[in-house]
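Structure first, commentary second.
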Amino acid sequence: MSYAEHFQEMEKGIGLAHAIAEADRCLLCYDAPCSKACPAETDPGAFIRKLRLRNITGAIRTIKDNNILGGACGVLCPTSKLCEKECSATGISRPIEIGQIQRFLVEYGWQIGFKVFERAKERKEKVAVVGSGPAGLSCAGELAKQGYQVTVFAERSEPGGVIRYGVPAYRFDKKFFKNELQDLYDLGVEFQCNTKIEGKAGVEKLLNDGYKAVFLSPGLWGTQPLIPGPQNIQGVFTSADFLVALREERYEELGKQIKGKRVAVIGGGSVAMDCVESASKLGAKDVYLVYRRSFAQMPAEEDERLEVLRLGVHFLVLNQPVDYLTESSGKVNALKLIRTQLAEPDASSRRKPVEIKGSEWELDVDFVVEAVGQKPDEAVDWSPAVKLDKKGLIVADPESGQVSSKLIFAGGDIVRGPALVVEAVQDGKVAARAIAKALSKT
Amino acid sequence: MTAKNIDLSVDFAGVKFKNPFLLSSSPVSNSAEMVAQSFEAGWGGVVFKTLASGRWPIVHPSPRMNPYHYGSTKMMGLQNVEQISDRPLKDNLLDLLYLKKNYPDHPIVASVMGFSTEDWQYVAKAAEDNGADMLELNFSCPHMTIEGSGHKVGQAFPLLEGFTEAVKKVVKIPVMAKMTPNITDITEPAMFAKKGGADAISAVNTFRGISEIGRDDWIPKPNIFGVGAESGYSGPAVKPVALHFIADMAKCKGLGLPLSGIGGIETWVDVLEYLLVGATTIQVTTGIIHYGYRIVEDMAEGLRDYMASKGINEVTDLIGKALPNLKETDHFDLERQGRAEYNYDICIGCGQCYIVCNDAAGQALEWEAEKRRPKLIEDKCLSCMVCSFVCPVPGLITFKEMPKQWQRNETAVMDPSLEKELKYERFEEVDLKT
Ligand SMILES: Cc1cc2nc3c(=O)[nH]c(=O)nc-3n(C[C@H](O)[C@H](O)[C@H](O)COP(=O)(O)OP(=O)(O)OC[C@H]3O[C@@H](n4cnc5c(N)ncnc54)[C@H](O)[C@@H]3O)c2cc1C
Ligand SMILES: Cc1cc2nc3c(=O)[nH]c(=O)nc-3n(C[C@H](O)[C@H](O)[C@H](O)COP(=O)(O)O)c2cc1C
Ligand code: SF4
């Protein structure tokens, strides 16, 4: 199989009969707990009831009206922690497959050509959205529904942020995303791709250019070196660079470095899991997951951890990387590790790993991915009016996303730190409502 | 597909409703507080729980309902022995006044029942004087504890005509007669109602039925302290029969009255079907007992989207549209025949088709045990299509018309050698064409 076949398409979702069977199992709860558990108010209680009562188009409308990335959320939400966690049917047998139903309904809408949105009567006010990830798209969609003229500035050649350039295509592919994006185009949202808002006080410029409000949703694309000192060791990637390269379909270039080789991925979160799985799919001989705490402490979901274990990834837990060793050419050839053991709980209330003196050892590797967390891009200077916290995250009012009285708003990962697609969607919606309210006053 | 410009409003016997969805007369329309809640949810109007004069005391048996479940499906049907309203007439009238004041754009139909001519006239007048926009005469409750009332009147056509006429004499608002399904030909009582001056017909009230019998005590349910009774059965289980009553009246040449369809309505698809056979408004009880007032949202939204997809802007354009296609069975073209067509590629191998075809149809399927697949012997297929009714995979089994020269194999005789023992003389065949 070619690389492309391994990577380009995600698995099929459920079909009509399966969705109806699930809707038939639904208990149609009063004050549906699933609806209350959805961070973006997608309202599964209502859309499943609609499906049950043969109102399929209405079900699709409920999803998309509440969550313009309803398809993406149906695919990507960790539902066992969100809506499905609260499902009453668990008391009888198992939760209703809410994410799957949601994805099905959205895809079914595309299949029958059902359009939820129509272009609204245009208003004169222009709004700028910086960053085209889930938060930016949601904000843009919500404003466009009300007739505002929205321009989304996207750094890369296509919109989408992490769901286009981070999440591997075998989990969320381009074809699916293209269908979902169509709604934004239909609503009249403008995209300026290959446009990074930068330079001193980039946001002020937008405000001076006639945009009445700005929504900042640049996500977390800055890197933090794992090992202090000069970087640029050949064969060492950050997770962002590695996953972006995959989403840019640079399979040959990566394949050359990985196929038949030894790969180490450092980290224990969901992003690390995406990296080890991708390395396996690229044909690595051995994939090591290096993590300084224990298996049970990994932030990644349990099913993700088990899935990659099943793929044959070697888990090197209780090991802390200390240095890279390189060939004379400058290419990495080993990872120096030190064993750790768990001591008393730290601030995250997880037991803290402490190094075991004298236990250093070397793991021979040809390729390393550092998946140790994302942080804000330090190169960007938004505006003196935008306040940052210690971690460099933008400080915004949680009720409205407002950052400054100059009608600057923010949401998504840049405010929350690493979070979820569905939370970014909600931030975009909340800010859009606040923006519309502010603009209708001026 | 835009659902924005769609008009769901109807003119029904001169009364304007913003949509054709009405609560039917029952516990769902028992008080102003409840009805107000339903209007907020989107219902277009109400047929208020049947009012009585108060001269005869009304007491509800306890308990008063029993469900008919089908597998994991709850409440396919519902049986009840509830009586007409047990509230004092004065309270009901105050509630009508409240609704009239607060929801002037939601017409109120007052359901009424009397136990003598004067009694009918008294309740009817009281309802009209206190805000009713229309009356519904309850000739159809099948389990009144007061002798000779309810559907006993609906089954005695001249009585029905007489009471209708008596009510018409004392009120100016339109009067609708509610029919019982517990008769043979519904057009007969409907014509009597018309002669009495009715302006519209609603149908149907509940069917006499028995939903369940206690397995330990053999007492039919609902079990009223040791006694069961045949009583009103409603819900999705009765819809196909109720639908035919509406169609019959819509096709009845002499009748020509607007119709309000009732029986088993839950979804917009049900509503659509009632409209297509000639109803102008529809009424719901059991669907609300099952799901609450909220179902109206799905009725309205589903119907709007459907109409948008068909390019139909006014709901009135749907009324009666299936009637020209609804004929007596002698109109069938029996020359044209078909059979089932299988798409084996999507088969999941459950084998339910094989079971039913073998036990209840043409025995036209073979079973390939290794592959777990059915195989159709095409010329044995009766085209009854029962296999497709049980198949869990949509689109796997479809109906396909066959060319004229195609021949179906006669069902084989088990043992032709028995012919020598046969006592039989062939009857001359009738030529249907002459
Ligand atoms: C590998 C990975 C896998 C994940 N998997 C899941 C998952 O399965 N389920 C889930 O719910 N969540 C998942 N997440 C988290 C989720 O993707 C994020 O929470 C979400 O994408 C945040 O959205 P956002 O809009 O805030 O930012 P982003 O998605 O990061 O989008 C920000 C966009 O802004 C652009 N940008 C940045 N600065 C500028 C600038 N100055 N000018 C113009 N454009 C700029 C960036 O290039 C980017 O395109 C995952 C995250 C990662 C990294
Ligand atoms: C509990 C109960 C009480 C009812 N009471 C009345 C009534 O007082 N007057 C009346 O005309 N019909 C009454 N009906 C009949 C309903 O109005 C309706 O005609 C019937 O239930 C069929 O519609 P459905 O299938 O939507 O329930 C009652 C039905 C039920 C289930
Ligand atoms: S958006 Fe996500 S969390 Fe919300 S209902 Fe849909 S799948 Fe569940």
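A few comments on the model shown:
- Condition check for A:L243: more than 25 Å from the chain's Cα centre (by Cα) and open to solvent by less than 20 Å² (accessible area, probe 1.4 Å): no
- Pair list, Cβ under 6 Å, 6 or more apart: segment B:264-286 residue free of Cβ contacts under 8 Å to residues at least 40 places away in the same chain and within 14 Å of another protein chain (Cβ to nearest Cβ), other residue outside any helix (DSSP H, G or I) and not β-branched (V, I, T): B:G264/B:G235; B:T267/A:L53; B:T267/A:R54; B:V269/A:R54
- Every residue from segment A:103-143 that is open to solvent by less than 50 Å² (accessible area, probe 1.4 Å), more than 16 Å from ligand 3 (Cβ to nearest atom), touching a residue at least 24 places away in the same chain (Cβ under 8 Å) and under 21 Å from B:K310 (Cα atoms): A:F114, A:F117
- When restricted to residues that are under 20 Å from A:V214 (Cα atoms) and either within 16 Å of ligand 3 (Cβ to nearest atom) or within 14 Å of another protein chain (Cβ to nearest Cβ) (or both), segment A:146-176 contains 0.
- The residues listed here are A:L181, A:L187; of these, the one that is open to solvent by less than 30 Å² (accessible area, probe 1.4 Å) and either over 22 Å from A:M10 (Cβ atoms) or away from ligand 1 (no atom under 14 Å from the Cβ) (or both) is A:L187.
- So B:T145, is it away from ligand 1 (no atom under 16 Å from the Cβ), among the β-branched types (V, I, T), open to solvent by 40 Å² or more (accessible area, probe 1.4 Å) and not in a strand (DSSP E or B): yes
- Remark: A:D65 matches the filter, which requires a residue to be at pLDDT 95 or above, more than 16 Å from ligand 1 (Cβ to nearest atom) and open to solvent by 30 Å² or more (accessible area, probe 1.4 Å).
- Of everything in segment B:47-99 that is open to solvent by 60 Å² or more (accessible area, probe 1.4 Å) and within 18 Å of B:M134 (Cβ to Cβ), the residue that is farthest from the other protein chains (Cβ to nearest Cβ) is B:L97.
Here is a yes/no grid of residues against (1) within 12 Å of ligand 1 (Cβ to nearest atom); (2) open to solvent by less than 30 Å² (accessible area, probe 1.4 Å):
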{"residue": "A:D389", "(1), (2)": "no, no"}
{"residue": "A:D397", "(1), (2)": "no, no"}
{"residue": "A:S400", "(1), (2)": "no, yes"}
{"residue": "A:F409", "(1), (2)": "no, yes"}
{"residue": "A:G412", "(1), (2)": "yes, yes"}
{"residue": "A:P418", "(1), (2)": "yes, no"}
{"residue": "A:A424", "(1), (2)": "yes, yes"}
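- Test: residue in segment B:306-322 that is within 13 Å of chain A (Cβ to nearest Cβ), hydroxyl-bearing (S, T, Y) and in contact (Cβ under 8 Å) with a residue 60 or more places away in the chain: yes
- Pairs where the first residue, in segment A:62-85, is free of Cβ contacts under 8 Å to residues at least 24 places away in the same chain and the second is open to solvent by less than 20 Å² (accessible area, probe 1.4 Å) and more than 9 Å from ligand 3 (Cβ to nearest atom), C-beta under 6 Å, 6+ apart: A:T62/A:A46
- Residues located in segment B:228-258, provided they are of a type in the set (G, A, S) and either buried (at least 22 other Cβ atoms within 10 Å of the Cβ) or assigned to a helix (DSSP H, G or I) (or both): B:S231, B:G232, B:S234, B:G235, B:A237, B:A242, B:A247, B:A250
- Residue within segment A:193-201 that is touching a Pro at 6+ places or on another chain (Cβ under 9 Å), more than 10 Å from ligand 1 (Cβ to nearest atom), more than 14 Å from chain B (Cβ to nearest Cβ) and among the small types (G, A, S) present: yes
- Candidates A:H18, A:H6 - the one that is over 19 Å from B:R294 (Cα atoms), in a helix (DSSP H, G or I), open to solvent by 20 Å² or more (accessible area, probe 1.4 Å) and more than 14 Å from every other protein chain (Cβ to nearest Cβ): A:H6
- Within segment B:372-397, residues that are open to solvent by less than 60 Å² (accessible area, probe 1.4 Å) have Cβ atoms under 7 Å from residues that are part of a helix (DSSP H, G or I) and β-branched (V, I, T) in these pairs: B:V386/B:V356; B:C387/B:V356; B:V390/B:V356; B:V393/B:I346; B:L396/B:I346, counting only partners at least 6 apart in sequence or on another chain.
The values are calculated or read from the model by the stated rules, or taken from the named source; none is laboratory data. This structure is a prediction, so every number in the text was calculated from the model and none was measured. Reconstructed Cβ throughout: ideal geometry from the backbone, glycine too, with neighbour counts over all protein chains shown. Heads up: the accessible areas ignore ligands, DNA and RNA and are worked out on the full protein's heavy atoms, side chains in. Shrake-Rupley method; radii C 1.70, N 1.55, O 1.52, S 1.80 Å.
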